[in-house]
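Below is one structure, written out as structure tokens; the observations come after it.
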Amino acid sequence: MVTETALKDVTDKQETRTSVRPHRVGNRLVRVYLVDDHQMILDCLSAYLTADSQFEVVGKATNTEQALLEIAQIQPDVVVMDVELPGRSVFDVAETLRTKAHSVRVIYLSGYASDVLLSRALKPGCFGYLLKGEPVSAIRQAILRAIDGEMSFSPEIRQRLAQDPVSRRFSLPADTPLTGLTGRQLEVLRHLANGASVKEIARLMHLSQKSVDSHKYRIMHKLGIHDRVELARFAIREGLTKP
């Protein structure tokens, strides 16, 4: 896990970095903003990057609402963000950042491989999608590649993707049964599958309970599912949530 490898990488980083050319944005350091709902991961990543002379960690957040507000104000170069966070969907945040902080490059972190989440990440465009089982040095390399305009993926993620030879864009070669759902409906489904009540989902997503109910019934109608237990099993099977 990132939290385990971070401690080792912080100790060994001097040896691994001597062969890497310095990166700068203009005359300054690469400014990075970190978003994860686990404080230990935030602290480890922040310590690791701060100890590197090429980076400046300009902010940290544990939820998407705080992140969106601060990123729009701070305008970092790169945002490293977990794909599953409390509050607003990270993919909605990425869409909003395209207008409020259009030069920001987003790298996603995930605890497990999911075609549904990966497909959502690729829609607004991203500069990386890494699994948390990777060594923390992979995050460092992904940030540097993002500054150079290049994308980074964990090997398990990369092998799932197809790349258009002309546009160079990455995509999943096949749609999933969840393709017909909107981003908001996918977020409601994920919360339902994790056992959240309509009231809890409304609070988490800043929606009315009536809106959440409407999304729930539309989801079930689109998927042809009429039982919440079956809905949860379906979401787990499709990789939308952890088993």
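Could you check how much of the accessible area of the stretch 34-79 is carbon and sulfur, as a whole percent, using a 1.4 Å probe? Could the numbers behind the result be given before it?
Numbers: 940 of 1800 Å².
Here carbon and sulfur together make up 53 percent of the probe-accessible area.
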Which of 151, 220, 81 is most accessible, then next, and so on - probe 1.4 Å:
151, 220, 81
Take 105, 233 and sort them by solvent-accessible surface of the protein heavy atoms, 1.4 Å probe, largest at the top.
233, 105
How would 222, 216, 210, 199 line up by accessible area, probe 1.4 Å, largest first?
210, 199, 222, 216
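Give me the 1.4 Å probe accessible area per residue for the stretch 105-199, excluding ligands and nucleic acids, in Å². All intermediate terms of the calculation are to be shown ahead of the outcome.
Numbers: 3950 Å² over 95 residues.
Result: 42 Å² of accessible area for each residue.
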Tell me, what is the 1.4 Å probe accessible area of residue 119, in Å² to the nearest 10?
40
Orientation-averaged projected area, Cα convex hull of the chain (nm²)
13.6
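For a Förster distance of 22 Å, can you work out the FRET efficiency between the beta-carbons of residue 113 and residue 163, rounded to the nearest 0.05? Working shown, then result.
Working: r = 18 Å, r/R0 = 0.81.
Using R0 = 22 Å, I get an efficiency of 0.80.
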What shape does the stretch 48-153 take by its C-alpha gyration tensor, where a ≥ b ≥ c are the square roots of the eigenvalues and a/c under 1.5 counts as rounded, a/b above b/c as prolate, and the rest as oblate?
rounded
How large a share of the accessible area of the stretch 81-126, in percent, is made up of carbon and sulfur atoms when the probe is 1.4 Å and the other protein chains stay in place?
42
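The values are calculated or read from the model by the stated rules, or taken from the named source; none is laboratory data. As the structure is a prediction and not an experimental result, all values here were calculated from the model. FYI the Cβ positions are ideal-geometry reconstructions off the backbone, even for glycines, and counts take in every protein chain you see. To get the accessible areas, we keep the full protein, side chains included, count just its heavy atoms, and leave off ligands, DNA and RNA. Shrake-Rupley method; radii C 1.70, N 1.55, O 1.52, S 1.80 Å.
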